[in-house]
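Pasting a structure below so you can have a look.
The values are calculated or read from the model by the stated rules, or taken from the named source; none is laboratory data. No experiment lies behind these values; they were computed from the predicted model shown. Quick reminder, even Gly has a Cβ in these numbers, built from the backbone with ideal geometry, and neighbours come from all protein chains shown.
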Amino acid sequence: MANQTMATDATNGAAQQNTGPSLTALVQYVKDMSFENPNAPRVFGNAQQNPQIQLQVNVGATQLSETDVESVLTLEGKAEIGADKLFVFELSYAGVFRIVGVPAEHMSAVVMIECPRLLFPFARQIVADAVRNGGFPPLYIDPVDFQALFQQRMAEVQGQQPAAS
């Protein structure tokens, strides 16, 4: 009986406190993952040079309901020494977020900046572990400025819009 009372009190307290905007991660998950080590074991003896590492970051979103959005952070990368590929990876790491009380004009910024910002540390660790498990030192991706990516994307979209006559 005490548990029911505490649950009721917690619900009532949360309802009273939830007056401003909120962003809640409901679930996070690996949506798709691939790691390739195409030239193993031959490349393991080629440690004289530092590899060239290329990384691409993408963010996508799907509206699931009035308040729920799936945000997908995709990290794609590869490491090469000369013509030899050391490894190639792709990770789509997603989360379902409940967004309440955010004005419509700020919603895309929340979805494309704040949601991937929350997902990034987990995706970064998954990539580091996959690279380490592939026989290489872990690849710790530098923090990503999702606000700059969002602003760049908005500038590209505005540049593609036809001029009003």
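Do you know which residues across the range 118-165 are assigned to a helix (DSSP H, G or I), among the small types (G, A, S) and surrounded by 13 or more Cβ atoms within 10 Å (Cβ to Cβ)?
Within the range 118-165, A123, A128, A130 meet the criteria.
When you look at F150, is it farther than 25 Å from T19 by Cα and either of a type in the set (A, V, I, L, M, F, W, C) or over 18 Å from the mean Cα position of the chain (by Cα) (or both), yes or no?
Yes: the conditions hold for F150.
Contact list please: Cβ distance under 9 Å, first residue in the range 58-80 and crowded, with 16+ Cβ neighbours inside 10 Å, second residue outside any strand (DSSP E or B) and of a type in the set (G, A, S), pairs at least six apart or on different chains.
A61/S108; L73/A123; T74/A123; L75/A123
Could you give every pair whose Cβ atoms fall below 6 Å, whose first residue belongs to the range 33-54 and is in contact (Cβ under 8 Å) with a residue 60 or more places away in the chain and closer than 12 Å to D84 by Cβ, and whose second residue is of a type in the set (G, A, S) and in a loop (DSSP other than H, G, I, E, B), counting only separations of at least 6 or pairs across chains?
N37/G134
If you scan the range 86-117, which residues turn out to be within 14 Å of A61 (Cα to Cα), in contact (Cβ under 8 Å) with a residue 60 or more places away in the chain and not in a strand (DSSP E or B)?
Of everything in the range 86-117, those that are within 14 Å of A61 (Cα to Cα), in contact (Cβ under 8 Å) with a residue 60 or more places away in the chain and not in a strand (DSSP E or B) turn out to be V110, E114, C115.
Something else about it: Go through the range 76-85 residue by residue and tally those that are more than 19 Å from V30 (Cα to Cα), in a strand (DSSP E or B) and not basic (K, R).
4
If you don't mind, another one. Being among the acidic types (D, E) and either under 16 Å from the mean Cα position of the chain (by Cα) or in a strand (DSSP E or B) (or both) is the filter here, so list the residues in the range 20-75 that pass it.
D32, E36, D68, E70
If you don't mind, there's one more thing I want to ask. If a residue must be of a type in the set (G, A, S) and at pLDDT below 95, how many such residues does the range 80-100 contain?
2
Now for a separate question. Please verify whether R42 is of a type in the set (K, R) and surrounded by fewer than 14 Cβ atoms within 10 Å (Cβ to Cβ), treating the condition exactly as stated.
yes
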